[in-house]
Amino acid sequence: MKYMLLIYDDTRVWEKFSEAEKQKGMDLYMKFTQEVKSGGHYVASSQLQPASVATTVRTREGKRLVTDGPYAETREQLGGYYMIEANNLDEAIAIAERVPSAQWGAVEVRPIVERPAQATA
């Protein structure tokens, strides 16, 4: 089964890190990524640009509404993700707890709805 590990960080915490702490964090991510790949769980991952450069799009009554930034004003912002393969939720949680940001932020584990591929005509 596939799971998304959604990584939330308080950007103010990261901003307070020294350059050495930031480099250590990035090194932890590189090591974690390699472990997930070598363990056969890796599907995809990516770091996201900060929420300050995000754009939110809504359609209401047929009209498009575009606003700057994320919808919710929270301290923790979505900063990246891993898509993994795991046998069950317990295994996905065990992988999620090893995501470096779990030490200073939060990692949401969410199962992916998988549907069979549609045949094309």
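What follows draws every value from the coordinates through simple rules; no lab data is involved. Only a predicted model underlies this, so the values are computations on that prediction, with no experimental measurement involved. All Cβ positions, glycine included, derive from the backbone under ideal geometry; neighbour counts span all protein chains shown.
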For this session: Compute log10 of I(q)/I(0) for the chain with the Debye formula, placing one identical point scatterer on every Cα and leaving out solvent, at q = 0.14, 0.17 Å⁻¹, to two decimals.
Result: -0.72, -0.95
Exercise. Summing -39500 (n - 2.57) over the DSSP H runs of n ≥ 4 in the chain and dividing by its residue number, what mean residue ellipticity at 222 nm do you reach, to the nearest 500 deg cm²/dmol?
Worked result: -8500 deg cm²/dmol
Exercise. Suppose R0 equals 30 Å; then what is the FRET efficiency for THR56 and LYS2 from their Cβ-Cβ distance, rounded to the nearest 0.05?
Worked result: 0.70
Problem set entry | region 2-111: relative contact order in percent, alpha carbon pairs under 8 Å with at least 6 residues between | 49 percent
Exercise. Out of residues 5 or more away from ALA54 or on other chains, whose amide H comes under 5 Å of its own, with H placed 1.01 Å from N in the peptide plane?
Worked result: GLY69
Exercise. Which of ALA92, TYR3, ALA119 sits farthest toward the positive end of the charge dipole of the chain, with +1 on the Cβ of Lys and Arg and -1 on the Cβ of Asp and Glu?
Worked result: ALA119
